[in-house]
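The values are calculated or read from the model by the stated rules, or taken from the named source; none is laboratory data. Only a predicted model underlies this, so the values are computations on that prediction, with no experimental measurement involved. Cβ placement follows ideal geometry from the backbone for every residue including glycine, while neighbour counts extend to all protein chains displayed.
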């Protein structure tokens with residue numbers, strides 16, 4: 001498992017509206033594409049690529065399923081995990097349930113961590 005690679009996915013996809021849209025529209029296809037062609041590129045360097053990182057099947061499934069609870073439990077950085085899914089779910093939730101409704105659901109689904117130490121985000 002590579003928390004670095006998982007966090008790199010969350011960071012790069014959340015900050016690029018085109019990537020985020022592709023991830024929203026076709027999670028399975030996009031995760032595969034990202035892992036093969038986008039993720040290996042070194043940030044800021046289009047000519048060099050890394051072959052050191054791959055997703056585990058568990059990580060891949062959590063990304064495809066938008067399973068932010070599983071990602072949190074695997075040690076994905078809390079802020080990166082939250083912000084990408086705000087980008088995906090905030091507007092539809094807000095239209096139905098009002099302001100901060102996705103953030104409230106996110107907190108509710110992670111409430112079982114309230115009295116425990118958070119998973120390590122060290123890479």
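From 55, 72, which residue is in a helix (DSSP H, G or I) and out of contact with any strand residue (DSSP E or B) (no Cβ under 9 Å at 6 or more places or on another chain)?
Step by step, each of 55, 72 is checked, and only 72 is in a helix (DSSP H, G or I) and out of contact with any strand residue (DSSP E or B) (no Cβ under 9 Å at 6 or more places or on another chain).
Residue-wise test of (1) modelled with pLDDT of 95 or more; (2) in a helix (DSSP H, G or I); (3) over 24 Å from residue 110 (Cα atoms).
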{"residue": "32", "(1), (2), (3)": "yes, yes, yes"}
{"residue": "36", "(1), (2), (3)": "no, yes, yes"}
{"residue": "76", "(1), (2), (3)": "no, no, no"}
{"residue": "95", "(1), (2), (3)": "no, yes, no"}
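Do you know which of the residues in the stretch 97-112 that are surrounded by 15 or more Cβ atoms within 10 Å (Cβ to Cβ) and assigned to a helix (DSSP H, G or I) is nearest to the chain's Cα centre (by Cα)?
So, considering only residues that are surrounded by 15 or more Cβ atoms within 10 Å (Cβ to Cβ) and assigned to a helix (DSSP H, G or I), the one nearest to the chain's Cα centre (by Cα) is 106.
What is the residue count in the stretch 71-82 for residues that are more than 13 Å from residue 3 (Cβ to Cβ) and crowded, with 16+ Cβ neighbours inside 10 Å?
Matching residues across the stretch 71-82 total 1.
Spot the failing condition for residue 6; the list is (1) more than 19 Å from residue 82 (Cβ to Cβ); (2) in contact with a helix residue (DSSP H, G or I) (Cβ under 9 Å, 6 or more places away or on another chain); (3) modelled with pLDDT under 95; (4) part of a helix (DSSP H, G or I), and only one is missed.
(1)
Name the single residue, out of those in the stretch 41-62 being modelled with pLDDT under 85 and under 19 Å from the mean Cα position of the chain (by Cα), that is surrounded by the fewest Cβ atoms within 10 Å (Cβ to Cβ).
43
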